[in-house]
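> Before we start, here is the structure in question, set down as structure tokens.
Readers should treat all values here as calculations from the given coordinates under stated rules, not as data from a laboratory. Keep in mind it's a predicted model, so treat the numbers as computed, not measured.
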């Protein structure tokens with residue numbers, strides 16, 4: 001009887017350790033640096049999304065990609081996507097954000113704006129899912145320039161030159177998610 005109790009305890013411990021090492025939720029070796037802070041400023045418009053125009057190095061020149069949505073509650077969503085024009089990107093955002101991004105933490109994060117500086121921190125694909133920080137300068141209320149990117153743990157630092165432009169868009173997908181608290 002005693003031998004069975006010991007084996008059951010060992011089995012329970014083995015199962016728990018396997019779950020902790022295999023579950024995506026426990027594999028994140030990065031931690032979020034930015035606090036979740038409501039956005040009450042007027043440095044950037046948030047009644048739509050921001051996008052980049054491809055220069056031909058990664059995607060077909062003129063393609064629209066790498067979209068960010070910002071919310072009053074301080075949450076951001078990088079919905080990704082690559083489309084040929086803004087109308088197609090609108091449809092992509094409508095189609096995928098309400099479905100995919102409620103089930104996955106990829107792309108969700110937080111942003112902070114101080115004066116004319118923006119910091120955006122969000123999950124990249126994994127597993128494990130790493131938090132990445134993008135930092136840059138706000139040029140006006142419809143344009144910002146990302147100048148550097150790095151993992152939240154300080155690794156993989158890169159100089160960037162990414163210009164994001166605003167597009168008014170409604171209705172914007174909901175920012176409710178179970179990943180950012």
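> Which Rg and Dmax, in Å, describe the Cα atoms of segment 31-168?
Reported Rg and Dmax, both Å: 14.2, 37.
> Pulled fully out, how much extra length does the chain show between residue 85 and residue 73, if you take 0.36 nm times their separation in residues and subtract their Cα-Cα distance?
Working it through step by step, the gained length comes to 1.4 nm.
> Work out how much length residue 170 to residue 36 would gain on full extension: take 0.36 nm times their residue separation and subtract the Cα-Cα distance, in nm to one decimal.
Taking residue 170 through residue 36 to full extension adds about 45.9 nm, to one decimal.
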